[in-house]
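Taking it in order: structure first as structure tokens, then the write-up.
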Amino acid sequence: MAKETLTIKDNRTGKTYEVPIQDGSIRTAELRKIKVSDDDFGLLGYDPALMNTASCKSKVTYIDGDNGILRYRGYDIADLADNSNYLETAYLIVKGELPDSQRLKAWTHNIKMHTMVHENIRKFMDGFRYDAHPMGMIMGTVAAMSTFYPDAKDVEDLQSRRLQTRRLIGKLPTISAFAYRQMRGLPFVYPDNELSYTGNFLQMLFKIAGNYTPDPVIERALEVLFILHADHEQNCSANAVRAVGSSLVDPYSAVASGIGALYGPRHGGANEAVVQMLTKIGSVKNVAKAIKSFKSGEDRLMGFGHRIYKAYDPRGKIIKKLADEVFEVTGKNKLIDIALELERIALQDEYFVERRLYPNVDFYTGIIYQAIGFPTTMFPVLFAIPRTSGWLAQWSEMVRDPEQKITRPRQLYIGEDLREYAPIKGRPKPSDREDKVAEVI
Ligand code: ACO
């Protein structure tokens, strides 16, 4: 039988090393044994952007990018989108199993008990400028929440972790809706726990005066969108939450760092870019010309391509169907025709076929959000609310994992060797090279 090991020969010394293979990986720490002399530090793995490094073992989310598969805790994303709601899926993600009806009732109750925020948080949010980006507002507010809950510091205590998890999942819609109302100059609307998770969110956003009844189609569409965005294994923001959380800081600080990571245009901002691109294309008759510019490298077809998926993003398929249901209520967003034509042409075009570029989750979400009435700056917020359950599941897994320590990668130092400090008067004029460095910074 073949051995589950890797033999490495170091041609510098002629020595060979046998490294165990487990779960399709080697422990890169094994490479440290490979040395040219006793005082050699040992070999490092160099992996910028961690493209080929597994940084943890996880039981939360499984992705098979070649076959377009996404599962939470073993359940297929399409199955959950068809049959579950966000809070049940959040329970599954955080706790590992689907709840029975009693547990679901208790979980839902416990989350709803935490939808209200301290009045000082409301006042804190009042302080943001009228044009503050809502992601900046929720990032700052979640970080500030750590000062309201000093008990959250006890990250190794199960009861404390449970309480902060419920608080964060419960309060994210509230502070997100407050951020929206702040942008609009509207008074904040307090939570209504008689409503569902998304129904309550909608009323906190859109209630103007008197009674507000969320449209059941929009309410359900948001539930599905929240399910689809709840986790996505070791993406940039999950990695940020794990890395920051590995210092054993409280989860509000760790989740705030995840919101920061998600804020960036290479992560949570692509759906906004899709809407801008479709608006710029303007009409179905301009699609062929636009495709040419994507192929020449002049522009990118936003919402297409993915680092992991080399097939149709399974979330994209579900969202495309959802768009029609939402448009029945909101009226059709005309951008959908441009999007459909772009997809139709791209999926037949050699350039996109060869590179295995398919629509990703962001291709259709922005069109739906816009139809519901969200400004583009709210799009990443609609990602952050449901992703909170994923971040907390990843964080809790990290805290409980006996193999995890404070995250601290190595570097390959390529800077100057030892130099002697020169007093300012006697310093030589900057060389050309130093001038260039100054320009870069
Ligand atoms: N339009 C046109 N060409 C593309 C696109 C695109 N959207 N995406 C990739 N390509 C081409 C690249 O030019 C490159 O071509 P080449 O081999 O001739 O140089 C090839 O496909 C591979 O592209 P990379 O950038 O190396 O692929 P990578 O895995 O690094 O990038 C990414 C993935 C960033 C998502 C990329 O496909 C992209 O920029 N897409 C548009 C932005 C987008 O939709 N982002 C959202 C991703 S989903 C999410 O984060 C939630």
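So the values come out like this:
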read-out	value
Cα centre as origin, Lys/Arg/Asp/Glu Cβ charges: the stretch 66-410 dipole, Debye	680
Accessible heavy-atom area order of S101, S389, S253, highest first, probe of 1.4 Å	S101, S253, S389
Projected-area mean, the stretch 72-198, by convex hull of Cα positions, square nanometres	9.0
Rg [Å, one decimal], Dmax [Å, integer] - the stretch 100-170, C-alpha atoms	14.4, 45
Cα-centred dipole magnitude for the stretch 5-50, charges only on beta-carbon of K, R (+1) and D, E (-1), debye, nearest 20	120
Under 16 Å from the Cα of K207 - aspartates and glutamates, other chains or at least 8 residues apart	D192, E194, D215, E219
Other-chain or far-sequence residues with amide H under 5 Å of I34's (modelled H)	L43
Per-residue HN-Hα couplings for the stretch 48-58 [Karplus 6.51, -1.76, 1.60; θ = phi - 60°; Hz; x = Gly/Pro]	x, 6, 6, 6, 10, 10, 8, 9, 7, 9, 9
Built amide H within the under 5 Å cut-off of F304, gap 5+	N360
Debye-sum result for the chain in log10 I(q)/I(0), which assumes one identical scatterer on each alpha carbon, at q = 0.07, 0.09, 0.13 Å⁻¹	-0.43, -0.69, -1.22
Within straight-line cross-link reach of K429, aspartates and glutamates at Cα separation under 18 Å, skipping those fewer than 8 residues along the same chain	E416, E420, E439
Estimated inter-spin distance, L418 and D131, nm [label 7 Å along Cα→Cβ]	5.4
Solvent-accessible ranking of C236, C56, largest area first, probe 1.4 Å	C236, C56
Chymotrypsin sites (Phe, Trp or Tyr not before Pro) within the stretch 102-171, DSSP loop, no more than 11 other Cβ atoms inside 10 Å	Y130
Top positive-direction residue, dipole computed over the stretch 66-410 with Cβ charges, set Y364, L222, N235	N235
The chain - percent of accessible surface contributed by carbon and sulfur, probe 1.4 Å	52
Cα-Cα over 20 Å, subset of K105/K171; K59/K321; K171/K320; K285/K332; K153/K405	K59/K321; K171/K320
Per residue, in Å², the accessible surface of the chain once ligands and nucleic acids are set aside, probe 1.4 Å	54
Reference-scaled alpha-carbon Rg (2.2 N^0.38 Å with N residues) for the stretch 5-50	1.21
Karplus (6.51, -1.76, 1.60) ³J(HN,Hα), θ = phi - 60°, over the stretch 348-358, in Hz, Gly and Pro reported as x	9, 8, 3, 4, 6, 5, 4, 8, 6, 9, 10
Burial order of peptide ranges 404-416, 273-285, 165-177, 31-43 (average beta-carbon count within 10 Å, highest first)	165-177, 273-285, 31-43, 404-416
Theoretical ellipticity at 222 nm over the chain - DSSP helices of four or more residues, -39500 (n - 2.57) apiece, nearest 500	-15500 deg cm²/dmol
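The values are calculated or read from the model by the stated rules, or taken from the named source; none is laboratory data. Everything numeric here is computed off the predicted structure, so don't read it as measured data. Virtual Cβ from ideal backbone geometry, glycine too; neighbours counted across all protein chains shown. Accessible surface areas use protein heavy atoms only, side chains included; no ligands, DNA or RNA. Shrake-Rupley method; radii C 1.70, N 1.55, O 1.52, S 1.80 Å.
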